[in-house]
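All remarks here apply to the structure that follows.
We did not get these values from a lab; they are worked out from the coordinates using the rules stated. Just so it is clear, the model here is predicted, and its values are computed rather than measured. Cβ placement follows ideal geometry from the backbone for every residue including glycine, while neighbour counts extend to all protein chains displayed.
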Amino acid sequence: MNIQTQIRSDATYDEDFTAWLLEQAKRLRAHDAGALDWENLAEEIESLGLSQQRELRSRIQIILIHAIKLMLSQDEQPRAGWKVTIMTQRAEIDGLLRQSPSLNRRVPDIAAEVFDKARKLALAGLEVHEPSRMPTYRTAAATLTPPTAENLLDDDWFPKTPAH
């Protein structure tokens, strides 16, 4: 790639990312290796992989938040909505894992990494609707362990309703 092409490519990357992506794809399909913006292209490919991991992390955290609410809450009214949220996130994760099967091995680690944050967020959500039960919920939440990766992704698994 000559210096003018490199300067133009770098400017397009900074000014119009979508145009830059389309141009890089065109060059890849043409096998025009000399015209590729190698450094930025490598960075964006790496970023794409990290983006999928962030998406998986976010969806697992949402499942955990709602699973923890199901484990703790004695309120029957919001349970159906929490289950729908879990089912929705599982469906999205299924699509993500079909597209990128290598992410499957990350599920247990991610679940363990985000569990404490999910527990805090679940308690914060419960406090809004059930403030009088929070001492009980906090005590119970401290004893919870993360569900297995298999349970998190199993369409038929939901935490049991707590004893009243």
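Dipole magnitude for the chain: about 780 debye, using +1 per Lys or Arg Cβ and -1 per Asp or Glu Cβ, origin at the Cα centre. The angle between the Cα long axis of helix 79-99 and the longest principal axis of the Cα atoms of the chain comes to about 30 degrees, rounded to the nearest 10. Distance between the 7 Å Cα→Cβ label points at Ala142 and Glu15: 6.1 nm. Between the helical axis of 17-29 and the longest alpha-carbon principal axis of the chain there is an angle of about 60 degrees.
Please identify every one of the trypsin sites (Lys or Arg not before Pro) in the range 61-164 that sits in a loop by DSSP and has no more than 14 other beta carbons within 10 Å of its own beta carbon. Those that pass, being in a loop and sparsely packed, are Lys160.
Taken over the chain, lysine pairs spaced eight or more positions apart, or on distinct chains, with alpha carbons under 28 Å apart number 9. Taking the C-alpha atoms only, the angle from helix 38-72 to the longest principal axis of the chain is near 10 degrees.
Think of the chain as a dipole: +1 on every Lys or Arg Cβ, -1 on every Asp or Glu Cβ, centred on the Cα centre; then among Gln77, Asn151, Leu41, Gln77 lies furthest on the positive end. The residues neighbouring Ala140, those whose beta-carbon lies less than 13 Å from its own, together hold a net charge of +4 under the Lys/Arg +1, Asp/Glu -1 convention.
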